[in-house]
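The values are calculated or read from the model by the stated rules, or taken from the named source; none is laboratory data. What you are looking at is a predicted structure, and each value in this text was computed from that prediction instead of being measured. Note: ideal-geometry Cβ built from the backbone for every residue, glycine included; neighbour counts use all protein chains shown.
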Amino acid sequence: MASGAGAGIFKAAQKFFRFLRKEEGTAAHARPRPPRFKMKEMEREYRGEHLPAPNKSWTHGSQVQYLDDAARQRYRLTVGSDGRLYDSSGRLFDTRRGTSAWTPDRGRAIYVMDEHGNLYASNTQVIGQFHHSSFLAGGPVAGAGELEVVNGNLMAISRQSGHYKPTPQHLRQVTDHLRGQGLLFGPHHIEWGI
């Protein structure tokens, strides 16, 4: 054991090395983290769809609604402890009355997943007014497609989105994330094709 001046130097060195470890930890937290999910940008042809553009045929003379954060939360779905999907009001999500551009007669909702793994869905898609791009205001998505849900039970999930054209990898990260949250569904519920 060091005594006198040696003990003082030893304590100062310990304090200095503790400071360095703390600074190293702080610097590690300050570095930007790589994205948790692979993101997909909206297809170029739809840029500006939220602006007045009566001469563009794909807008049908209207503007696509882009949601802000507060409005977006009304469309957020969560996975309950029972392994089912719930809407923002705490009710079991159900798409039996849903309509979408890809499957208008099959009772489906459109959905997107953001970079944090939040899932947003709407039972109503209106061409030229409300699309996959509406949820995140045209921003990139971790996944997009359609959901078929009955009393909170996931019956089908796809990657059908003309605005984003997500890959099978995007659908896989959505399904893996939902399973990780406890959503109950089997491999036969996943529609890999478009």
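A quick yes/no check of all residues on (1) of a type in the set (Lys, Arg); (2) touching an Asp or Glu at 6+ places or on another chain (Cβ under 9 Å); (3) buried (at least 16 other Cβ atoms within 10 Å of the Cβ); (4) free of Cβ contacts under 8 Å to residues at least 60 places away in the same chain:
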position	(1), (2), (3), (4)
Val79	no, no, yes, no
Leu119	no, no, yes, yes
His131	no, yes, yes, no
Ala144	no, no, yes, no
Leu171	no, yes, yes, yes
Thr175	no, no, yes, yes
Gly186	no, no, no, yes
Gly193	no, no, no, yes
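Please find, among Ile127, Ile110, the residue that is under 19 Å from the mean Cα position of the chain (by Cα) and aliphatic (A, V, I, L, M).
After ruling out the rest, the residue left standing is Ile110.
Strands (runs of 3 or more DSSP E) wholly in region 10-126 with at least 1 residues that are at pLDDT below 95 and aliphatic (A, V, I, L, M) - which ones? Walk me through how you get there before you give the answer.
Working: elements: 76-79, 109-113, 119-122.
Result: empty, no element qualifies.
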